[in-house]
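Single-structure report; data block below.
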Amino acid sequence: MSVVITGIGAVTPAGTGLDPLWEGAREGVAHVTAIDRFDASAYACPAAGQAGFDADAELPSRFVKRTDRFTHLAVHAVRQALEEAGVAIGTDVTPERTGVMVGNILGGWEFAERELRNLWTDGPRAVSPYQATAWFPAAPQGNICIDQGVKGPARTFVADRASGAYALIGGAEALLRDRADVVIAGGVEAPLSPYGWLCLETSGLGAKARGTLAPDELYRPFDAGHGGSVFGEGAVFLILERREHAERRGATILGELAGWGVSTDGYMPYYTVEPTGQVLGRAMRTAVDRAGVSGEDLGAVFAHGSAIPFEDVTEGYALHEAFGPTAAHVPVTVPKSGFGHLLGAAAPADVALALRGMREETVPATVNLDRPAPGIDLDLVRGEARPAPGWEHTLVVSRGLGGVNACLVLRR
């Protein structure tokens, strides 16, 4: 029994849909810009991946007013994914046999921050009655279920930057345990509010403006000048089904979620990672073992690539821990450096790009990777996209604060 992907929806800094995201990644186009959503001049990182999505033009005004931007992004991406999959809930699958799994970290701070300002300036009666339901991380999950009439298993995963990967794993396991026939799974993040951005800044994970580097040059995974992530907003959702269910309804199969593995570093202090890479490497091995493949079968690794120096180095250690000498010869890429680290949506975005890359037999390059950092013994794809004839399997790596690790193996 296998889990396949039949639809993808995306709203990202590259645009709406997978096509602009893929084309930007393939061509090495940077979609990170100076923040224009608010005055970011006092922040250490004044750059972000900003989605140009206009919720007022795409969604009912009443819905927009009572929900946060992260819900807007998620609902729109899910509609795209279902359309591509050709799934009509209530016709092709019952509402009770449809699930929703969402990865998110920050919740809806654009809405929450506005209402907190109302509280402190005009008092409690000035606060929106929708504050309680608009901001919390499970808001997209609930609104997706309402929008699509879903009545099956639904969960929200909050596991820092691994949240989206955990949502995909949760969806796959719900299918394999026969709790659903179709699962909508992915992640969303909309961190672009003054307070939300401050939370990211104080986490120590973000890049800092420095020297003559332009906004789109700050995110530098595995580069000698790496200094943290540049974050972005977006939503990426996939439609997951058991293969026999997808084939029975004549769906186009985009790829298979063939394996996954998780682990936890259990290492202090919590804001760093286990320094040898052994624990992350175990999650990688578990994923490839479950998929029935080995390191030699991998056509590419879509690395987490946070550009935090100790995370980059230990991710390299983990690949060598998992695959031995083979690790030095597997192409490794971090296309998210071109559009921003999407946090809860980062792993789903990598999965979407890897599926398209395998179809087109092209590995996108890592933007801003000019000179590999010391201690990185990997075959880094940089400069331009690399042809990959016969590319059949991809490892997607995701990790979060507290040592939360989640790895996925995709099969073409």
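The values are calculated or read from the model by the stated rules, or taken from the named source; none is laboratory data. For clarity, every value in this text was computed on a predicted model and none was experimentally measured. Don't worry about glycine lacking a Cβ; one is built from the backbone with ideal geometry, like all the others, and counts go over all protein chains shown.
For region 138-165, a tally of residues being assigned to a loop (DSSP other than H, G, I, E, B), within 15 Å of the chain's Cα centre (by Cα) and not aliphatic (A, V, I, L, M) returns 1. With respect to the conditions (1) under 15 Å from Val397 (Cβ atoms); (2) β-branched (Val, Ile, Thr); (3) not assigned by TED's automatic domain parsing to the domain that holds Ala318, Val288 falls short on a single one, namely (3).
Of the residues making up region 184-206, those that are farther than 13 Å from Gly49 by Cβ, assigned to a helix (DSSP H, G or I) and touching a residue at least 60 places away in the same chain (Cβ under 8 Å) are Pro194, Tyr195, Gly196, Leu198, Cys199, Glu201. Per this entry, Glu247 is not counted among residues that are under 21 Å from Val4 (Cβ atoms) and within 23 Å of the chain's Cα centre (by Cα). Taking the condition at pLDDT 95 or above, under 20 Å from the mean Cα position of the chain (by Cα) and among the basic types (Lys, Arg), does Arg177 pass? No; evaluated as a whole, the condition is false for this residue.
For the residues Val87, Val4, Val29, the requirement of being in contact with a Lys or Arg (Cβ under 6 Å, 6 or more places away or on another chain) and modelled with pLDDT of 95 or more singles out Val4.
Any idea which residue in region 170-181 is surrounded by the fewest Cβ atoms within 10 Å (Cβ to Cβ), counting only those that are of a type outside the set (Lys, Arg) and either part of a loop (DSSP other than H, G, I, E, B) or in contact with a Gly (Cβ under 9 Å, 6 or more places away or on another chain) (or both)? Checking each candidate, the answer is Asp178. Total residues in region 105-133 satisfying the condition of being polar (S, T, N, Q) and in a loop (DSSP other than H, G, I, E, B): the figure is 1. Of the residues making up region 377-412, just one is at pLDDT below 95 and among the hydrophobic types (A, V, I, L, M, F, W, C), namely Leu401. The set of residues in region 1-34 that are within 25 Å of Cys199 (Cβ to Cβ) and either buried (at least 19 other Cβ atoms within 10 Å of the Cβ) or free of Cβ contacts under 8 Å to residues at least 60 places away in the same chain (or both) comprises Ala10, Val11, Thr12, Pro13, Ala14, Ala30, His31, Val32. Taking the criterion of being closer than 20 Å to Phe222 by Cβ and touching a residue at least 60 places away in the same chain (Cβ under 8 Å), the residues of region 280-304 that qualify are Leu280, Ala283, Met284, Leu298, Gly299, Ala300, Val301, Phe302, Ala303, His304. Screening Gly227 on (1) touching a Pro at 6+ places or on another chain (Cβ under 9 Å); (2) not in a loop (DSSP other than H, G, I, E, B) shows it passes everything except condition (2).
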